[in-house]
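Notes follow the structure.
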Amino acid sequence: MEAAPPETGTWAIQPAGPLVGDVRVRGSKNAVTKHLVAAIMGGRPSTIRNAPEVGDVDITSQILESLGVGIERAGSLITVHPTDSPAPMVPVEFTGLNRIPILLLGPLLNLVGEAFVPLVGGDQIGRRPVDFHVAALKALGAEIEVRDDGVAAKAGRLRGAKIELPYPSVGATESVLLSAVLAEGKTVLKNAATEPEVTELALFLQRMGASIELQPDRRIVIEGVEHLDGASTTLEGDRIEAWSYLCAGVVTGGEVRVVGCRQDRMVTAINVLHRMGARVDVTDEWTTASAADGLHPVAVSTDTHPGFMTDWQTPLMVLLSQADGMSVLHETVFENRLVYVPALQQMGVEVELFSACLGGPACRFHETNNLHSAVVKGVSALRGAEVNVPDVRAGFSSVIAAAAADGPSTLRGIHHLERGYHRPAEQLMSLGLDLRTA
Ligand code: UD1
């Protein structure tokens, strides 16, 4: 096997025709880091298989190591060696790197009764506040101080509580799961997120010995236990990565066969491809998509699961730009997720943004000035450009646009992309993309 090409900050891309070939996706970025956090609460080591090699795993491993947790990595296998007495403070040098520190509050309170975590980062998509996490922990009996540099918390043993989230937040649901599993008594969480990665975390915690009941209507009931054990799991395929590569094939007039992501994780995305007139073939092992006869315009609203995932809309935007007519995209999960659009406009995507809710019922952002709806005109003539990619998902949409453009492109800020995609340069080159790293 050839060595992986070095992945650095800038990519020079020369369109080289249709992208064709196989991509095997690893376990999802949005699940693996949460499993790592859960595993620190086990009385024995845990193993996580099919882990992706993404920047978020590196960052999370370093955070956990700074607490005294042992992390052993061998290819796609991660073993977590918990410690009885982790350090209660996540160092401030981890400020703003990813969303994991806030999820550590509950586990650290469970293990040592106190915690300090620096303020969270993640992509620049909206305010990304942590008020739901803080309110949930307070309901569970923690004393919390939100400071300029982070969040400090103290508790004797956390106590089960009734909690209702104002919105079914993925991260806040995970916070509650990770906190309530070792709390005293019963926690009833209403309006919980039901994303597949959340369910995967609940299943992993159940393997560790947690008592978790997933009920209808977004309710989760957790009965706190005295002790959790180690567990072993194989992560399910990354549905964001799978979708990104399917789009890359379709937009370039090619066909990518994505292996390793189950159909039920992709159902809404596949349906959008059908509505656009693409051909999609699905088997138990793989999914392919192509659009030999072109693409039809469509109206899509992003939503919580099982709706069209917000992280899917960035590659979709490029797909819409190649449809035969006007499409509408309504972002309802993050108010500021369309910040990447100027990068695509530079590459010729004809898109206009609106603060009104277009193409679907009014969402939480309908009386704000947030530009969260887009009208996209197809077929836009894509052209190569020099662009700075603002975040991980936006980065991939610029790559797809560059692959289908007329002329070369230079993309800067590729480290964002490497935070969430497994060896992206290697994968894209294997599909035929002329890509040089610098
Ligand atoms: C996770 C995913 C991200 C995905 C998102 C929605 C990870 C690492 N990231 O992000 O890829 O796009 O779910 O599926 O898993 N909110 C608050 N207060 C809070 C928490 C959230 O107002 O305390 C709001 C957010 O601003 C946003 C909405 O809730 O408008 C959804 O956010 P959330 O589901 O929490 O996203 P993340 O867990 O950060």
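The values are calculated or read from the model by the stated rules, or taken from the named source; none is laboratory data. Please read all numbers here as calculations on a predicted model, not as lab measurements. Ideal geometry is used to build each Cβ from the backbone, glycine not excepted, and the neighbour counts take in all protein chains shown. In case anyone asks, the SASA skips ligands and DNA or RNA and just uses the protein heavy atoms, side chains included. Shrake-Rupley method; radii C 1.70, N 1.55, O 1.52, S 1.80 Å.
Just name the residue that is most open to solvent (accessible area, probe 1.4 Å) out of those in the stretch 174-199 that are within 11 Å of the ligand (Cβ to nearest atom) and out of contact with any Leu (no Cβ under 7 Å at 6 or more places or on another chain).
Here the answer is Thr194.
Which members of the stretch 334-392 meet the condition of being over 30 Å from Gly171 (Cα atoms) and free of Cβ contacts under 8 Å to residues at least 12 places away in the same chain?
The initial filter retains those residues of the stretch 334-392 that are over 30 Å from Gly171 (Cα atoms), namely 345-352, 376-387.
Selection gives Gln345 alone.
With the condition being of a type in the set (Phe, Trp, Tyr), touching a Lys or Arg at 6+ places or on another chain (Cβ under 7 Å) and on the phi < 0 side of the Ramachandran plot, I'd like the strands (runs of 3 or more DSSP E) fully within the stretch 25-129 carrying at least 1 qualifying residues. Working first, answer last.
On the way: elements: 46-49, 70-74, 77-81, 114-118.
Output list is empty.
Name the residues in the stretch 120-140 that are at pLDDT below 85 and closer than 15 Å to Ser175 by Cα, would you? Before the answer, list the steps.
Step one: list which residues in the stretch 120-140 are at pLDDT below 85, which gives 120-128.
Across the stretch 120-140, the qualifying residues are Val120, Arg128.
Exactly one condition in (1) in contact (Cβ under 8 Å) with a residue 60 or more places away in the chain; (2) outside any helix (DSSP H, G or I); (3) of a type in the set (Asp, Glu) is false for Asp148; which is it?
With (1) in contact (Cβ under 8 Å) with a residue 60 or more places away in the chain; (2) outside any helix (DSSP H, G or I); (3) of a type in the set (Asp, Glu) applied to Asp148, the lone miss is (1).
Answer with yes or no whether Gly230 is away from the ligand (no atom under 16 Å from the Cβ), touching a Pro at 6+ places or on another chain (Cβ under 9 Å) and open to solvent by 10 Å² or more (accessible area, probe 1.4 Å). Step through it out loud before you land on a result.
Working: away from the ligand (no atom under 16 Å from the Cβ): yes; touching a Pro at 6+ places or on another chain (Cβ under 9 Å): yes; open to solvent by 10 Å² or more (accessible area, probe 1.4 Å): yes.
For Gly230, the condition - away from the ligand (no atom under 16 Å from the Cβ), touching a Pro at 6+ places or on another chain (Cβ under 9 Å) and open to solvent by 10 Å² or more (accessible area, probe 1.4 Å) - is met.
Could you say whether any residue in the stretch 306-315 is touching a helix residue (DSSP H, G or I) at 6+ places or on another chain (Cβ under 8 Å), at pLDDT 95 or above, closer than 17 Å to Pro18 by Cβ and open to solvent by less than 10 Å² (accessible area, probe 1.4 Å)?
Yes, the stretch 306-315 contains a residue that is touching a helix residue (DSSP H, G or I) at 6+ places or on another chain (Cβ under 8 Å), at pLDDT 95 or above, closer than 17 Å to Pro18 by Cβ and open to solvent by less than 10 Å² (accessible area, probe 1.4 Å).
Determine the pairs where a residue that is of a type in the set (Asp, Glu), located within the stretch 101-121, has a partner that is modelled with pLDDT of 95 or more with Cβ atoms under 6 Å apart, the partner being 6 or more residues away or on another chain.
Between residues of the stretch 101-121 that are of a type in the set (Asp, Glu) and residues that are modelled with pLDDT of 95 or more, the close pairs are Glu114/Pro88; Glu114/Lys154.
Do the conditions hold for Leu67, that is, is it more than 16 Å from the ligand (Cβ to nearest atom), crowded, with 22+ Cβ neighbours inside 10 Å, modelled with pLDDT of 95 or more and in the same structural domain as Val250 (by TED's automatic domain parsing)? Show your work before the answer.
Values: more than 16 Å from the ligand (Cβ to nearest atom): yes; crowded, with 22+ Cβ neighbours inside 10 Å: yes; modelled with pLDDT of 95 or more: yes; in the same structural domain as Val250 (by TED's automatic domain parsing): no.
Here the answer is no, as Leu67 does not meet what is asked.
With respect to Val300, determine if the residue is more than 12 Å from the ligand (Cβ to nearest atom) and in contact with a Phe, Trp or Tyr (Cβ under 6 Å, 6 or more places away or on another chain). Working first, answer last.
Values: more than 12 Å from the ligand (Cβ to nearest atom): yes; in contact with a Phe, Trp or Tyr (Cβ under 6 Å, 6 or more places away or on another chain): yes.
Criteria met by Val300.
Looking only at helices (runs of 4 or more DSSP H) that fall completely inside the stretch 155-253, which ones have 2 or more residues that are over 18 Å from the mean Cα position of the chain (by Cα) and farther than 30 Å from Arg364 by Cα?
Working: elements: 170-180, 196-207, 239-251.
Where helices (runs of 4 or more DSSP H) fall fully within the stretch 155-253 and carry at least 2 residues being over 18 Å from the mean Cα position of the chain (by Cα) and farther than 30 Å from Arg364 by Cα, they are 196-207, 239-251.
Residue check: is Val280 more than 27 Å from Thr79 (Cα to Cα), in a strand (DSSP E or B) and within 16 Å of the ligand (Cβ to nearest atom)? Write out each step before concluding.
Numbers: more than 27 Å from Thr79 (Cα to Cα): yes; in a strand (DSSP E or B): yes; within 16 Å of the ligand (Cβ to nearest atom): no.
When the stated conditions are applied, Val280 does not pass them.
Identify all residues within the stretch 139-161 that are within 30 Å of Asn370 (Cα to Cα) and either more than 15 Å from the ligand (Cβ to nearest atom) or surrounded by fewer than 16 Cβ atoms within 10 Å (Cβ to Cβ) (or both); write none if there are none.
Just the residues of the stretch 139-161 that are within 30 Å of Asn370 (Cα to Cα), to begin with: 145-151.
Answer for the stretch 139-161, where residues must be within 30 Å of Asn370 (Cα to Cα) and either more than 15 Å from the ligand (Cβ to nearest atom) or surrounded by fewer than 16 Cβ atoms within 10 Å (Cβ to Cβ) (or both): Glu145, Val146, Arg147, Asp148, Asp149.
Of everything in the stretch 67-86, what is among the small types (Gly, Ala, Ser) and within 15 Å of Val54 (Cα to Cα)? Give them in sequence order.
Going through the stretch 67-86, the residues among the small types (Gly, Ala, Ser) turn out to be 68, 70, 74-76, 85.
Passing the criteria: Ala74, Gly75, Ser76.
Do any helices (runs of 4 or more DSSP H) entirely within the stretch 309-405 hold 1 or more residues that are of a type in the set (D, E, K, R), and if so, which? Explain how you work it out, then say what you get.
Numbers: elements: 313-321, 341-346, 392-404.
Counting at least 1 such residues, we get 392-404.
Residue by residue, here is whether (1) within 16 Å of Pro15 (Cα to Cα); (2) open to solvent by 60 Å² or more (accessible area, probe 1.4 Å); (3) of a type outside the set (A, V, I, L, M); (4) assigned by TED's automatic domain parsing to the domain that holds Asn98 holds:
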position: Glu335; (1), (2), (3), (4): no, no, yes, no
position: Arg364; (1), (2), (3), (4): no, yes, yes, no
position: Tyr421; (1), (2), (3), (4): no, no, yes, no
position: Ala425; (1), (2), (3), (4): yes, no, no, no
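Give the residue that is modelled with the lowest pLDDT, with candidates limited to residues of the stretch 2-46 that are within 15 Å of the ligand (Cβ to nearest atom) and basic (Lys, Arg).
Lys29
Mind counting the residues in the stretch 254-266 that are open to solvent by 50 Å² or more (accessible area, probe 1.4 Å) and either part of a loop (DSSP other than H, G, I, E, B) or outside the structural domain of Met276 (by TED's automatic domain parsing) (or both)?
Residues meeting the conditions: 1.
Please identify the pairs in which a residue from the stretch 89-100 that is touching a residue at least 24 places away in the same chain (Cβ under 8 Å) has its Cβ atom under 8 Å from the Cβ atom of a residue that is away from the ligand (no atom under 15 Å from the Cβ) and open to solvent by 60 Å² or more (accessible area, probe 1.4 Å), counting only partners at least 6 apart or on another chain.
That search, which allows pairs on different chains as well, returns Val92/Asp149; Phe94/Gln62; Thr95/Asp149.
Scan the stretch 26-49 residue by residue and report those that are within 21 Å of Glu285 (Cα to Cα) and open to solvent by 40 Å² or more (accessible area, probe 1.4 Å).
Across the stretch 26-49, the qualifying residues are Arg26, Arg49.
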